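Novice: Let me give you the structure first, and then I'll get to my questions.
The values are calculated or read from the model by the stated rules, or taken from the named source; none is laboratory data. Since we're looking at a predicted model, the values are computed, not measured. Every residue, glycine among them, receives a Cβ derived from its backbone with ideal geometry; neighbour counts consider all protein chains shown. Quick note on the areas: whole protein, heavy atoms, side chains included, nothing else; ligands and nucleic acids left out. Shrake-Rupley method; radii C 1.70, N 1.55, O 1.52, S 1.80 Å.
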Amino acid sequence: MRRPNSQSARGGGGAKGGAGARCMTGGNGKKKGEKKKKKKKKKKKKKRRGREPGKKGKKMAENLKGCSVRCKSTWLQLQELCRARGLRCAALGVTRRNLVEFEVEYLCDYKRSGGDEFYLVKWRGYPDSANTWEPRKNLRCRGLLKQLHQDLARAPGGPVRPGPRGLPPRVSSYLVQKAEQRQALRRWEQQLNSTRSHRGRIAVENEVDLHGPPRDFVYINEYKVGAGIQLTPVAVGCECSDCMAEAAGGCCPGASHNKFAYNEAGLVRIRAGLPIYECNSRCRCGSECPNRVVQKGIRYNLCIFRTGNGRGWGVRTMERIRKNSFVMEYIGEIITSEEAERRGQVYDRQGATYLFDLDYVEDVYTVDAAHYGNISHFVNHSCDPNLQVYNVFIENLDERLPRIALFATRPIRAGEELTFDYNMHVDPVDAESTRMDSNFGLAGGALSSSPRSRGRIECKCGAAACRKYLF
């Protein structure tokens with residue numbers, strides 16, 4: 001938007017000195033004595049002819065031709081710097097016309113005076129001391145205006161009517177905190193999407209409270225192997241030309257005396273509790289093999305959002321998901337059961353934990369997603385879940401170290417929250433297998449005391465068939 005000159009922010013004035021103030025300067029005029037200097041240089045070259053660079057030096061010089069170094073500043077940062085210094089640069093699009101054009105970062109106050117509406121504007125790239133009151137007619141930021149009025153409706157203490165001097169301090173402070181929170185969540189969203197290796201994008205929303213990004217959480221795309229644990233890579237693969245139609249020796253599932261887990265559409269067709277054996281990196285089949293599903297990662301766009309009933313963060317899908325589709329893996333740090341017991345005692349005192357026992361055949365290892373994990377870290381519990389756990393084996397066939405995959409138990413609508421049962425019983429080998437550790441707390445640490453000390457944890461899933469308690 002263009003900001004009126006009568007109330008222009010500091011550093012936004014016109015450039016002084018004409019061409020001398022532009023980003024690029026130069027001159028083509030020749031100075032006296034230039035020819036003499038050139039002659040001297042030629043003589044020096046003659047003397048140094050015996051020390052010409054070798055083939056290696058010439059090749060290096062040729063390789064450096066056209067070499068460029070990427071600027072660490074963004075395009076927007078460079079534009080802001082030019083405007084702050086009053087410089088014009090055609091390459092950056094900062095011209096004499098738009099030199100004093102400013103961008104609204106957020107709106108932090110609101111008042112009515114003489115029948116007109118005014119908004120206190122925080123300008124991007126300028127300190128708070130440069131904030132100015134602007135009439136509604138000067139603002140062309142509909143999204144920010146709409147957001148401010150939505151925040152006013154949800155402000156602590158109920159809706160507030162603005163006066164001629166602005167909003168009460170508690171309300172204007174809330175607006176600033178909310179705007180800064182959105183910026184922090186936007187940065188976190190960008191970080192998550194730059195880190196993910198899967199196709200599905202991640203959005204982040206919090207229209208409930210002032211909680212920002214979680215601290216001490218690192219997004220990872222595959223298991224982080226803890227100390228004292230070693231994964232044994234798979235040694236053989238299938239020889240199938242078509243794993244679905246012409247499975248040689250039963251393909252990878254058949255080699256382990258198990259059923260083929262997927263249909264032609266990549267939907268799981270075996271019952272919960274039976275293991276899934278996918279094709280691996282040593283298999284003859286290609287990346288389009290129908291027996292490669294979990295390894296392709298998350299393909300749906302998902303949203304991490306703040307729940308409104310005290311369950312902390314949650315995850316919802318932004319698109320429709322078919323029944324029996326793979327949705328995500330439960331990923332974290334693989335630790336020994338002994339280390340899990342030690343960490344569990346610490347988590348008990350904190351009132352939350354993310355321990356998932358890998359006890360498909362025996363209880364030796366545990367996945368801890370407290371500090372390292374993917375989007376499954378934020379998935380909440382439900383007594384009537386829409387996701388089901390399956391044990392999956394791909395590059396590692398050690399039955400003590402399965403990958404934990406979550407599949408849709410029914411069609412899931414766009415906008416619906418994704419959940420799974422923390423206290424599930426699905427494993428035919430051991431009724432206690434593939435179950436969340438009994439200390440597993442609500443995502444976001446919403447519990448007020450240790451699960452063990454309380455004995456029973458109240459469930460807040462809201463399902464019609466709710467068991468009332470998690471454990």
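Novice: Whether any residue in region 142-158 is over 30 Å from residue 402 (Cβ atoms), in contact with an Asp or Glu (Cβ under 6 Å, 6 or more places away or on another chain) and either assigned to a strand (DSSP E or B) or not hydrophobic (A, V, I, L, M, F, W, C) (or both) is what I want to check.
Specialist: No, the conditions are met nowhere in region 142-158.
Novice: Separate question: All but one of (1) within 16 Å of the chain's Cα centre (by Cα); (2) open to solvent by less than 80 Å² (accessible area, probe 1.4 Å); (3) farther than 23 Å from residue 308 by Cβ hold for residue 199, so report the exception by its number.
Specialist: (2)
Novice: Turning to a different aspect of this structure: Go through region 337-387 and report how many residues are open to solvent by 20 Å² or more (accessible area, probe 1.4 Å), touching a helix residue (DSSP H, G or I) at 6+ places or on another chain (Cβ under 8 Å) and not hydroxyl-bearing (Ser, Thr, Tyr).
Specialist: 3
Novice: May I ask you to list the residues in region 300-322 that are open to solvent by 40 Å² or more (accessible area, probe 1.4 Å) and either within 13 Å of residue 414 (Cα to Cα) or without any contact (Cβ under 8 Å) to a residue 40 or more places away in the chain (or both)?
Specialist: Selection gives 301, 316, 318, 319, 320, 322.
Novice: Starting from residues that are touching a residue at least 12 places away in the same chain (Cβ under 8 Å) and part of a helix (DSSP H, G or I), keep the ones in region 159-176 and report whichever is most open to solvent (accessible area, probe 1.4 Å).
Specialist: Among those that are touching a residue at least 12 places away in the same chain (Cβ under 8 Å) and part of a helix (DSSP H, G or I), it is 170.
Novice: Moving on. Restricting to region 267-290, give me the number of residues that are hydroxyl-bearing (Ser, Thr, Tyr), out of contact with any Ser or Thr (no Cβ under 6 Å at 6 or more places or on another chain) and surrounded by 13 or more Cβ atoms within 10 Å (Cβ to Cβ).
Specialist: Residues in region 267-290 being hydroxyl-bearing (Ser, Thr, Tyr), out of contact with any Ser or Thr (no Cβ under 6 Å at 6 or more places or on another chain) and surrounded by 13 or more Cβ atoms within 10 Å (Cβ to Cβ): 0 in total.
Novice: State yes or no: is residue 187 open to solvent by 90 Å² or more (accessible area, probe 1.4 Å) and part of a loop (DSSP other than H, G, I, E, B)?
Specialist: Considered against the rule, which asks whether it is open to solvent by 90 Å² or more (accessible area, probe 1.4 Å) and part of a loop (DSSP other than H, G, I, E, B), residue 187 comes out as no.
Novice: Could I ask something else about it? For region 323-367, give me each residue that is free of Cβ contacts under 8 Å to residues at least 40 places away in the same chain and either touching a Phe, Trp or Tyr at 6+ places or on another chain (Cβ under 9 Å) or under 22 Å from residue 304 (Cα atoms) (or both).
Specialist: Of everything in region 323-367, just one residue is free of Cβ contacts under 8 Å to residues at least 40 places away in the same chain and either touching a Phe, Trp or Tyr at 6+ places or on another chain (Cβ under 9 Å) or under 22 Å from residue 304 (Cα atoms) (or both), namely 337.
Novice: Right, another one. Quick test of your reading of the structure: residue 293 fulfils all but one of (1) surrounded by 20 or more Cβ atoms within 10 Å (Cβ to Cβ); (2) within 27 Å of residue 377 (Cβ to Cβ); (3) modelled with pLDDT under 95; (4) not basic (Lys, Arg). Name the failing condition by number.
Specialist: Of (1) surrounded by 20 or more Cβ atoms within 10 Å (Cβ to Cβ); (2) within 27 Å of residue 377 (Cβ to Cβ); (3) modelled with pLDDT under 95; (4) not basic (Lys, Arg), only one is false for residue 293: (3).
Novice: Confirm whether residue 264 is touching a residue at least 24 places away in the same chain (Cβ under 8 Å), farther than 25 Å from residue 421 by Cα and either acidic (Asp, Glu) or open to solvent by 20 Å² or more (accessible area, probe 1.4 Å) (or both).
Specialist: Judged against the criteria, residue 264 is a match.
Novice: May I ask you to say which residue of 420, 378, 356, 393 is in contact with a strand residue (DSSP E or B) (Cβ under 6 Å, 6 or more places away or on another chain), over 29 Å from residue 213 (Cβ atoms) and not small (Gly, Ala, Ser)?
Specialist: One residue alone meets the criteria, 393.
Novice: Considering (1) open to solvent by less than 20 Å² (accessible area, probe 1.4 Å); (2) assigned to a helix (DSSP H, G or I); (3) closer than 22 Å to residue 407 by Cβ, say which one residue 192 fails and leave the rest.
Specialist: (3)
Novice: Which residue is nearest to residue 293 (Cα to Cα), if the candidates are limited to region 232-261 and must be exposed (fewer than 12 other Cβ atoms within 10 Å of the Cβ) and among the aliphatic types (A, V, I, L, M)?
Specialist: Selected residue: 245.
Novice: (1) of a type in the set (A, V, I, L, M, F, W, C); (2) open to solvent by 40 Å² or more (accessible area, probe 1.4 Å); (3) farther than 30 Å from residue 331 by Cα: which one isn't true of residue 210, the others all being true?
Specialist: (3)
Novice: Residues in region 213-226 that are closer than 22 Å to residue 312 by Cβ and either buried (at least 16 other Cβ atoms within 10 Å of the Cβ) or not aliphatic (A, V, I, L, M) (or both): how many?
Specialist: 7
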